[in-house]
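Asks: Below you will find the structure I want to go over with you.
The values are calculated or read from the model by the stated rules, or taken from the named source; none is laboratory data. Model, not experiment: these values are computed from the prediction. Cβ sites come from the backbone with ideal geometry, for glycine too, and all protein chains shown count toward neighbours. We work out accessible area using only protein heavy atoms, side chains counted, and drop any ligands, DNA or RNA first. Shrake-Rupley method; radii C 1.70, N 1.55, O 1.52, S 1.80 Å.
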Amino acid sequence: MANNPVVNMFKVKELRDRMLFTFVILAVFRLGSVLTIPGIDAGVLLKYFEDLAAQNKNAFASYMDFFAGGAFSNFSVFMLGVMPYISTQIIMQLALIIFPSLKRAAMEDGGQRKVASWTRIGTIIVCIVQSLAVTVYASSIPGAIILRDNMFAFRLLTILTVTTGAMVTVWLGNQITSKGIGNGISMIIFAGIVARLPHAIIELINRVSSPNSDINIVFVILAVVMFIAIVVLVVYEQSGERKIPVHYAKRVVGHRMYGVNDVYIPFKINPSGVIPVIFASSFLTLPLQIASSLASSPKASNWISKLSNLLSPTGLCYNIILVLLIVFFAYFYTQVTLNPTDIAKSIRENGGSIPGIRTTETESYLQRVLNRLVLPGSLYLAVIAVLPTLIQNFLHFPQSISTLMGGTSLLILVGVDLDTMSQVEALLKMHHHDGLVKKGKLRSRNL
């Protein structure tokens, strides 16, 4: 028991406090996920979404619930989750690249605080737009709104409640990042997925055992094998690296020679991790929610209905856009975090060089290596991300089950788990304890 990593985790006071703090924050998030916003009849909502699930027409609700941990179908105060914040972050990062004046402002003293303030203001605007779409969607559900006599008061109350709930969710995530374990925003999404797994498994068992079931038990076994294989593949892919050797020249100071040993720049096979999948999915959330909410209204025009059908998570158009966005964000995020220009400049300033590569060609060489890594890595992410659609269309699984057993959820679950375990292992070793694994070491996905 002396070298048991689980026991050691609770021996280290700092780690124990961080873990307890994280669990408390996640419990608060789950509590807020079941608190229905004022003016909504929870019983009517439950029956409405159960009927949609029985008809397998709950693609939109299942998609929104996937990131909010079931909070959307509950119409809870946390029903938007952290998606508005992530969407705003994407827009802000793109704006910093497109507009040089914004980038210069961000690089000044206190610039990052300004960017954080702009991101929060943008998040509030996005939340207001999405919460207004929520009121339209609620109006399409018969008997869901209790305050039918005063729709203006209901809309105003819903906008204030949902917007505040989304900002509180972001604050909870930030608290986990600073005082807990792991990346807070990723942990919020992780907790939502894990919380829905038991319900999805029970629903799958009920569907298979039903006499009128259209799900073959062989397909269920095939899906479980696929689930395990993808987990193994993701973990194996995380360990792959392309090492770029860098040689640093020795310096003579007085009568002594100083220098450093040759080092390597480790480029992962998939440098961006699961960030492109999260970015692409959250980026599509806003137009999907607005289109679906407006299309649910009885007064919706034909083009809104067509757009809503076109953006259905199970449709061909949506998945094509998702794949393209994943490839785009893989390149975009890699360029932001692993900028070849900055890396080449740092190597030259420290008197280093890559063997066989001219100093003037260092940047182009690094860019070429990254391009060769990012393309297959992004396509690998895209293939796994579209698995829910394939599972639903070909194995006839319900939307709620295929989403959780599909690629995006697995990528997020495995990625966040590896990242959190690597932080726990680092804290254990810092306090002179053995790590979580006896051989090798855990590598963070930098979520």
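Asks: What accessible surface, in Å², does a 1.4 Å probe find on Leu35, ignoring ligands, DNA and RNA and rounding to the nearest 10?
Replies: Rounded to the nearest 10, that gives 90 Å².
Asks: I've got another one for you. Determine, for each peptide in 13-22, 163-172, 275-284, the mean count of other beta carbons within 10 angstrom over its residues, then list the peptides with the highest first.
Replies: 275-284, 163-172, 13-22
Asks: While we're on this one: If amide hydrogens are placed 1.01 Å from N in the peptide plane, which non-local residues have theirs closer than 5 Å to the one on Val77?
Replies: Leu35, Ile37
Asks: Can I ask one more? Quote the accessible area belonging to Arg242 in square angstrom, nearest 10, computed with a 1.4 Å probe and with ligands, DNA and RNA left uncounted.
Replies: 100 Å²
Asks: Using the structure shown, select from Lys179/Lys268; Lys13/Lys179; Lys47/Lys306; Lys243/Lys429; Lys243/Lys345 the pairs with a Cα to Cα distance greater than 20 angstrom.
Replies: Lys179/Lys268; Lys47/Lys306; Lys243/Lys429
Asks: Using only the alpha carbons of segment 311-375, determine the length spanned along each of the three principal axes and report them from longest to shortest in whole angstroms.
Replies: 54, 19, 12
Asks: While we're looking at this one, here's another question. If Phe267, Phe49 are ordered by their accessible area, calculated over protein heavy atoms with a 1.4 Å probe, which sequence runs from highest to lowest?
Replies: Descending order: Phe49, Phe267.
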